[in-house]
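The values are calculated or read from the model by the stated rules, or taken from the named source; none is laboratory data. Since the structure is predicted, the reported quantities are computational estimates derived from the model, not experimental observations. Here Cβ is always computed from backbone atoms with ideal geometry, including for glycine, and neighbour counts include all displayed protein chains.
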Amino acid sequence: MFKFSLIKRILFILHTDSLKIPFYLWRKLYMLWLSSKQNIEIKGGLIINGQPLIDIRKGSNLYIGVGVTLNSKNSGYHINLHSPVKLFADRPGAEIRIGDKTRIHSTCIHACQSIVIGNNCLIAGNCQIFDNNGHDLSFPNVEDRINTSGTSKPVKIEDNVWI
């Protein structure tokens, strides 16, 4: 069942730019899909530009505060964005927490343990935030490095930070 405001919004888009309707509907369906995941909590007002890659594996969690922006679109951004926003938590117990009114532009956030980003932060395009090194740094058999998991330490970015 559609809310009247949704129909009103679609009619407005039809009147101004009908080419935006498929993206608008895709964004609504994507938000519905994200909200249905038990390990993803979205507080409200999430703004998605473009198509982010969100991969939160079983046993991991994602928390997105109020008014967060995930920007994966080059259009309207002052520098060239090379990739979409990527939120990846791939190990049991891994957690990504994004505070209220934080804006993330074309950035990869990969948590094996914990990455916490405060409120009112701005993460500029093409940043990489990892809490791990991906594989061991020193080992006797170099060919076997793909089978190592490395070390991980929590990352905390305080409120009002610009990266």
Task: Residue in segment 131-148 that is crowded, with 18+ Cβ neighbours inside 10 Å, part of a loop (DSSP other than H, G, I, E, B) and within 13 Å of the chain's Cα centre (by Cα) present - done: no
Open item on the list: Of the conditions (1) under 22 Å from LEU29 (Cβ atoms); (2) at pLDDT 95 or above, LYS101 satisfies every one except a single condition; which number is it?
Closed with: (1)
Open item on the list: Regarding segment 27-39, can at least one residue be identified that is part of a strand (DSSP E or B) and farther than 23 Å from GLU158 by Cβ?
Closed with: no
